[in-house]
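The values are calculated or read from the model by the stated rules, or taken from the named source; none is laboratory data. Remember, predicted model here, so these are calculated numbers, not experimental data. With ideal geometry, Cβ positions are generated from the backbone for all residues, glycine too; neighbour counts draw on all protein chains shown.
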Ligand SMILES: [Zn+2]
């Protein structure tokens, strides 16, 4: 897919909470020996998807240098909204000063909700409907105690402000692609606290099929090959999957490594691919090409090709994502449960 | 805090937005109807600085109702870079790590929840500056 008008990213930000739970701590409590990631990020008791979104959004606004009242859309992609009914986007837009002349909505598509918000914002700017549109992917994901997802279900988010491509944009979009089928690999019914998943069904027919579908579709449409890119980002439910799918497509570890944050923060769900893209923009140089593919259960993938511009060197001031990843306090399993409100009082 | 009052005070709390007196330039946060320096009732918006330092602090171990899940927590008097002072929780820090002069920055957090079914009140808190 290509836009009628060329679209770029004018500002971005990413945030990960300070607390971490190590895989070894989960194993200590439940007697397992797994380590799909080394450790995962955990929210403080006063954080949620809205506060994570505001943190990333404020960074994006500051770096963009734009007046936030000119932002015409704020879309929050998440599966962990603080309210079942009341849009998270209203609170985020009010907090950053984008109200009242703004379109907002919460967008759902499991772990792909963040990149789906990006596709929506790209469309709004690419059609000329909005001058600036902000897409956020953020989650405070929870796994059932003792479930395999408990090692990885993590918290964090990233925000991108889209605008017409200009000398002010830090990267411009070359093309994007979406690939969706009805695949019941992971779900949560209404009023259920934890999601269920189809166990082995989450691999080949779900994650791999959809990422490969979107990636191959976009490569074919644009005529690029994996070696044409400097960097590649894939959705990160654990450490192994993004490496396996990336290498299978012909990408190298050197291309994947800068955006591979799951080993240190876990799977931030709707935040995962957006955070990986932000981590890659943190180290990219003008002219670099970035390939990014999300995955959301249910299932689908969005793929993007961005080319980094000159403005990146002066518009990524302030703390980078690595500052938030390296800033950490470990919690034990009991404190983790307390922070997540999982202890019955 | 009632829902109408939370809503009325939302923007100043969300964005650290105070008032500056049109008569004498005195700054206020939160806003006041009459300037305590010159008696003027005309004000303009004043965006507070979001970085400051801890002047003094206390550790709350027996919090008022609605704040129990955050205990123990730090409440500090903070002097912002624009000279304004305010009281705020300081988060992402263990109580024993807080020091006079510690550089802190504003963050947007949950302040209080009205039970499991009521409104979630958001507002500013501060944390050690992330470089
Ligand atoms: Zn006055």
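Summary table below
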item: Qualifying residue in region A:118-132 (condition: part of a strand (DSSP E or B) and within 14 Å of chain B (Cβ to nearest Cβ)); result: no
item: Residue check for residue A:17: at the interface with chain B (Cβ under 10 Å from one of its Cβ atoms), at pLDDT 95 or above and touching a helix residue (DSSP H, G or I) at 6+ places or on another chain (Cβ under 8 Å); result: yes
item: Filtered residues of region B:30-44 (kept if within 24 Å of residue B:106 (Cα to Cα) and either more than 16 Å from the ligand (Cβ to nearest atom) or modelled with pLDDT of 95 or more (or both)); result: B:43, B:44
item: Strands (runs of 3 or more DSSP E) wholly inside region B:8-97 that include at least 2 residues being farther than 30 Å from residue A:339 by Cβ; result: B:17-21, B:43-47
item: Residues within region B:1-50 that are touching a residue at least 12 places away in the same chain (Cβ under 8 Å), within 14 Å of chain A (Cβ to nearest Cβ) and over 24 Å from residue B:81 (Cα atoms), tallied; result: 2
item: Unmet criterion (only one of (1) assigned by TED's automatic domain parsing to the domain that holds residue A:25; (2) not in a loop (DSSP other than H, G, I, E, B)) for residue A:319; result: (2)
item: Which listed residue, of A:5, A:62, is touching a strand residue (DSSP E or B) at 6+ places or on another chain (Cβ under 8 Å), within 14 Å of chain B (Cβ to nearest Cβ), surrounded by fewer than 19 Cβ atoms within 10 Å (Cβ to Cβ) and within 24 Å of residue A:170 (Cβ to Cβ); result: A:62
item: Checklist (1) surrounded by 14 or more Cβ atoms within 10 Å (Cβ to Cβ); (2) free of Cβ contacts under 8 Å to residues at least 60 places away in the same chain; (3) more than 12 Å from the chain's Cα centre (by Cα); (4) more than 10 Å from every other protein chain (Cβ to nearest Cβ) applied to residue B:70, failing item; result: (4)
item: Among residues of region B:101-118, those that are assigned to a loop (DSSP other than H, G, I, E, B) and facing chain A (nearest Cβ under 9 Å), counted; result: 0
item: Meets criteria (more than 15 Å from the ligand (Cβ to nearest atom) and outside the structural domain of residue B:122 (by TED's automatic domain parsing)) for residue B:65; result: no
item: Looking only at region B:11-25, and only at residues there that are over 28 Å from residue B:111 (Cα atoms) and touching a strand residue (DSSP E or B) at 6+ places or on another chain (Cβ under 8 Å), the one that is farthest from the ligand (Cβ to nearest atom); result: B:22
item: Residue in region A:322-331 that is surrounded by the fewest Cβ atoms within 10 Å (Cβ to Cβ), counting only those that are in contact with a strand residue (DSSP E or B) (Cβ under 6 Å, 6 or more places away or on another chain) and either modelled with pLDDT under 95 or in a loop (DSSP other than H, G, I, E, B) (or both); result: A:328
item: Qualifying residue in region B:102-113 (condition: over 16 Å from the mean Cα position of the chain (by Cα) and at pLDDT below 95); result: yes
item: Matching residues, region B:76-94, being surrounded by fewer than 20 Cβ atoms within 10 Å (Cβ to Cβ) and within 19 Å of residue B:1 (Cα to Cα); result: B:87
item: Residue A:260, sole failed condition from (1) buried (at least 19 other Cβ atoms within 10 Å of the Cβ); (2) closer than 17 Å to residue A:297 by Cα; (3) modelled with pLDDT of 95 or more; result: (2)
